[in-house]
Each structure stands twice: as structure tokens, then as C-alpha cells.
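The next block holds one structure in the form of C-alpha cells; read it before the comments.
The values are calculated or read from the model by the stated rules, or taken from the named source; none is laboratory data. Here the structure is a predicted model, which means the values were calculated and not measured. Every residue, glycine as well, gets a Cβ built from its backbone with ideal geometry; the counts of neighbours run over all protein chains shown.
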């Protein structure tokens, strides 16, 4: 039951990593179902009144981890994997829904970096397997001229940014 799930420490070693999480409801609900943690990544922290952790009781609040920063600059092996390991995660699924502009492309870049693995000899290497990803693309009407230029750069380099 959901109530029983809230009472215990998450124990299945799973994290739901939500890129562009916003309020965080989707990731938290998925994390509860998977008996894991919700990791919410946003370049700008949503206003306090919109954050899921401000609206749920403590047992659920403890399942929410936030990373504030641009996904393009996120180092999987220094910023994300150590946080996941600290909370006992051995596997993760990534979700990214309706990211505007180049956000979906940047989330795909994060998936590529994670699947490629750490650089040889890098600190913090290994540990948390990315076992799935679900991405819902942006609504195209919000893509401006500057984003079109960014798309060209990203795709010319094979999303290696």
C-alpha cells in the first residue's frame, strides 16, 4: 500500500531521475511505486508553493532529492551518481517530459553520457545502472531562432555536448 510504502525507508535500490521535473509529482509517484527515490533536476528551482516536497508528509518528502543546474552541464559521475549511491540506488530510470527548446536533446545527451560510462580513471566511476529512459518531446511552437542554432550545433556533433 502507498501508506505502508511511505512508512519505511526506500529499499529497492531504484531512483527515478526527472530532467526538467518542475513540481516533481510524476517522479515522486513513480518512485513510490518503485519503492525508491525521486531525483528532480531543474535549471531553475520552482517556486516553493509549487514544489511537491512542500505538499506531502515527511515519509514521502524524504524520498525527494533535488539537483539545481543545467542538464547540459551536469556531470553524471560527479554530480548524480554519488548522490544516488549515497541513497542506496543501484539502478535508475530517467524521465523527461515536454522539455522546451533544446531540453529534450540535452536530456538525450545526459542519457548518452551515462550509458557511455565514466572516463577511464575518473573518480566516482561505476555503480548506478541506467536501465531505462522515457522522453516526451517539446511542443515545437516554443522553439525560437536561438534554439534552432543550438539544435544545429548539437546535432552536428552527434549530441556530444
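Where residues in segment 106-142 are assigned to a loop (DSSP other than H, G, I, E, B) and under 24 Å from residue 26 (Cα atoms), which of them is modelled with the highest pLDDT? So the residue we want is 128.
Scanning segment 75-89 turns up no residue that is at pLDDT 95 or above, under 13 Å from residue 23 (Cβ atoms) and surrounded by 14 or more Cβ atoms within 10 Å (Cβ to Cβ).
Residues in segment 49-63 that are in contact (Cβ under 8 Å) with a residue 12 or more places away in the chain, touching a helix residue (DSSP H, G or I) at 6+ places or on another chain (Cβ under 8 Å) and part of a helix (DSSP H, G or I): 52, 53, 59, 60. On the given criteria, is residue 63 buried (at least 18 other Cβ atoms within 10 Å of the Cβ) and within 21 Å of residue 129 (Cβ to Cβ)? Considered against the rule, which asks whether it is buried (at least 18 other Cβ atoms within 10 Å of the Cβ) and within 21 Å of residue 129 (Cβ to Cβ), residue 63 comes out as yes.
Do you know which of the residues in segment 94-105 that are part of a strand (DSSP E or B) and crowded, with 20+ Cβ neighbours inside 10 Å is modelled with the lowest pLDDT? Looking at residues that are part of a strand (DSSP E or B) and crowded, with 20+ Cβ neighbours inside 10 Å, I get 96. Taking first residues from segment 64-93 that are touching a residue at least 40 places away in the same chain (Cβ under 8 Å) and on the phi > 0 side of the Ramachandran plot and partners that are part of a helix (DSSP H, G or I) and buried (at least 20 other Cβ atoms within 10 Å of the Cβ), no Cβ contact under 6 Å between residues at least 6 apart in sequence or on separate chains turns up. None of 74, 65, 40 is farther than 18 Å from residue 99 by Cα and in contact with a strand residue (DSSP E or B) (Cβ under 8 Å, 6 or more places away or on another chain) except 65.
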